[in-house]
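Structure record follows, encoded as structure tokens.
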Amino acid sequence: MSFWEFANPKRFMQLSSRLLPWVAGLSLACLVVGLIWGFFFTPEDYRQGSTVKIIYLHVPAALMAINAWLMMLVASLVWIIRRHHVSALAARAAAPVGLTFTVIALITGAIWGQPMWGTWWAWDPRLTSFLILALFYMGYIAMWEAVENGDTAADLTSVLCLVGSVFAILSRYAVLFWNQGLHQGASLSLDKEENVADVFYLPLLVCIAGFVLMFLALVLLRTRTEIRARRLKALLNRERMA
Amino acid sequence: MIALLRRDLVLAVRAGGGFGLGLAFFLVLSVLVPFGVGPEADVLARIAPGILWIGALLSCLLSLDRIFALDFEDGSLDLLATAPVPLEGVSVVKALAHWLTTGLPLTLLAPGLGVLLNLPPAGFGWLVISLAVGTPALSLIGAFGAALTVGLKRGGLLLSLLVLPLYVPTLIFGAQVATQGAAGLDVGTPLVLLAGISAGTLALMPFAAAAALRINLR
């Protein structure tokens, strides 16, 4: 049996209806365990105090914000190459989720940045590239909304996603260049993964797993909704023709 | 292709609106900035390169939707699609025509506005060079955005939402060249990167634009 059989909407609906409760439940379990463990059963950082705990929301959200775009890129490629409708709809379903994760990452970062850096916002390369990523998501979603014909919209957004990916990467490095060109000593961006001790690391891993599963569950749910909406539209069209 | 270029240039110049409008917008924007930030000469001198770059970018944006929209409405785009010239070539020519009627005049006008904004003397040369190197990329990226939104009724607003994030790298490097040049610093690295972006967009964007056009003409 080939992987591509799930491109059949019917097969996809069957599989996803069985999978969805498990994924959603597991995600909820991971998030509850990870967040409670992280918030209440880890020591406070000796310098950052309790503010360090926002890491359990911030890092997974940021991680998934980027991976959601990556998933959209793969789904767009699958749509362009193999013309599987489920793939295009999954890309459409993932975009608002990715945008939400981006915004969560930006907001939690600001909440953490206020006590630590003394500012809500700084034009740091990481922050700036996330803001640009949010703009890319908005453009992508707006493109889907603007085009009426489903297949045309899928094609146009796929092309936009491909071009956008190239420019997103380009912007990432351009921003790095831009900031180093203006300021030196970007002491603002902590590379958190390197200096996180195991006490913080394990609950963080659980939270990341929870966010990955949550993304999966939301995309499955939203793709199912899209497929149903598509079916409804087809039925309505058939009624009108008859 | 040359015939197409001549036709587009003639249409842009004679049909009114687009050609002078972008330049006038650029002028008005540069005049408005001192009202916003105050007339202090040193403040203006610091922000002048960036303001002129943003002004050029926005003026470029103004006329983007005319690249394909008019031809789409009167049906000549369909003829172009069935012509022996590949759509990729049509996109390049359209972008070139847009640059000749927008980017090039903006580049030539920019030093004059630099005087208004108290641009340091060392900056004039680099401002013109950075705009001359960078604005083709703006036209090429814009042609892609215009191709994406050509079939839409209110494409203009969506066009700016799509295109502006794509302009980020070009703006960063272009404004870097102008700013560092005005400060008397070395501009080699950003200038090479800016030229790289222009060359890269020239190589790749016509294909993306042609793909979008084919989808929209289907």
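The values are calculated or read from the model by the stated rules, or taken from the named source; none is laboratory data. Keep in mind it's a predicted model, so treat the numbers as computed, not measured. Positions of Cβ are generated from backbone atoms using ideal geometry, with glycine treated the same way; all protein chains shown enter the neighbour counts.
Details
- The set of residues in the stretch B:154-166 being facing chain A (nearest Cβ under 9 Å) and not β-branched (Val, Ile, Thr) consists of B:Arg154, B:Gly155, B:Leu157, B:Leu158, B:Leu161, B:Leu162, B:Leu164, B:Pro165, B:Leu166.
- Evaluating B:Leu204 against the criteria (1) within 14 Å of chain A (Cβ to nearest Cβ); (2) buried (at least 20 other Cβ atoms within 10 Å of the Cβ) leaves one unmet condition, (2).
- A Cβ distance below 6 Å, combined with a sequence gap of six or more or placement on separate chains, defines the contacts here; from the stretch A:30-56, residues that are closer than 16 Å to A:Met116 by Cα and among the polar types (S, T, N, Q) reach residues that are crowded, with 17+ Cβ neighbours inside 10 Å and modelled with pLDDT of 80 or more in the pairs A:Thr51/A:Trp112.
- Qualifying residue in the stretch A:108-125 (condition: aliphatic (A, V, I, L, M) and not in a helix (DSSP H, G or I)): yes
- Count of the stretch B:185-199 residues which are surrounded by 16 or more Cβ atoms within 10 Å (Cβ to Cβ) and within 9 Å of chain A (Cβ to nearest Cβ): 3
- Looking only at the stretch A:193-242, and only at residues there that are outside any helix (DSSP H, G or I) and not β-branched (Val, Ile, Thr), the one that is modelled with the lowest pLDDT: A:Glu193
- Residue among A:Arg92, A:Arg83, A:Arg126 that alone is surrounded by fewer than 16 Cβ atoms within 10 Å (Cβ to Cβ) and basic (Lys, Arg): A:Arg83
- Candidates are the residues of the stretch B:161-184 that are small (Gly, Ala, Ser) and in a helix (DSSP H, G or I); the one that is surrounded by the most Cβ atoms within 10 Å (Cβ to Cβ) is B:Gly174.
- Matching option when the condition is in a helix (DSSP H, G or I), of a type outside the set (D, E, K, R) and more than 16 Å from B:Lys94 (Cβ to Cβ), among B:Leu21, B:Leu5, B:Leu77, B:Leu70: B:Leu21
Residues checked against (1) at pLDDT below 90; (2) more than 16 Å from A:Val212 (Cβ to Cβ); (3) not small (Gly, Ala, Ser):
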{"residue": "A:Trp69", "(1), (2), (3)": "no, no, yes"}
{"residue": "A:Val74", "(1), (2), (3)": "no, no, yes"}
{"residue": "A:Val78", "(1), (2), (3)": "no, yes, yes"}
{"residue": "A:Ile81", "(1), (2), (3)": "no, yes, yes"}
{"residue": "A:Leu89", "(1), (2), (3)": "no, yes, yes"}
{"residue": "A:Arg92", "(1), (2), (3)": "no, yes, yes"}
{"residue": "A:Ala95", "(1), (2), (3)": "no, yes, no"}
{"residue": "A:Phe101", "(1), (2), (3)": "no, no, yes"}
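- Entry remark, the stretch B:139-160: residues being hydrophobic (A, V, I, L, M, F, W, C) and either closer than 16 Å to B:Val90 by Cα or at pLDDT 95 or above (or both) number 8 in total.
- Restricting attention to the stretch A:152-184 and to residues that are modelled with pLDDT of 85 or more and more than 10 Å from every other protein chain (Cβ to nearest Cβ), the residue that is surrounded by the fewest Cβ atoms within 10 Å (Cβ to Cβ) turns out to be A:Ser165.
- Number of residues in the stretch A:136-146 that are buried (at least 17 other Cβ atoms within 10 Å of the Cβ) and more than 7 Å from every other protein chain (Cβ to nearest Cβ) equals 4.
- Residues that are crowded, with 21+ Cβ neighbours inside 10 Å and out of contact with any Ser or Thr (no Cβ under 6 Å at 6 or more places or on another chain) were ranked within the stretch A:60-70; the one that is farthest from A:Phe101 (Cα to Cα) is A:Trp69.
- Meets criteria (among the aliphatic types (A, V, I, L, M), in a helix (DSSP H, G or I) and without any contact (Cβ under 8 Å) to a residue 12 or more places away in the chain) for B:Leu158: yes
- Only one entry in B:Val10, B:Val33 is at pLDDT 85 or above and farther than 19 Å from B:Leu159 by Cα, namely B:Val33.
- Among the conditions (1) under 15 Å from B:Leu77 (Cβ atoms); (2) within 11 Å of chain A (Cβ to nearest Cβ), B:Ala143 misses just one, which is (2).
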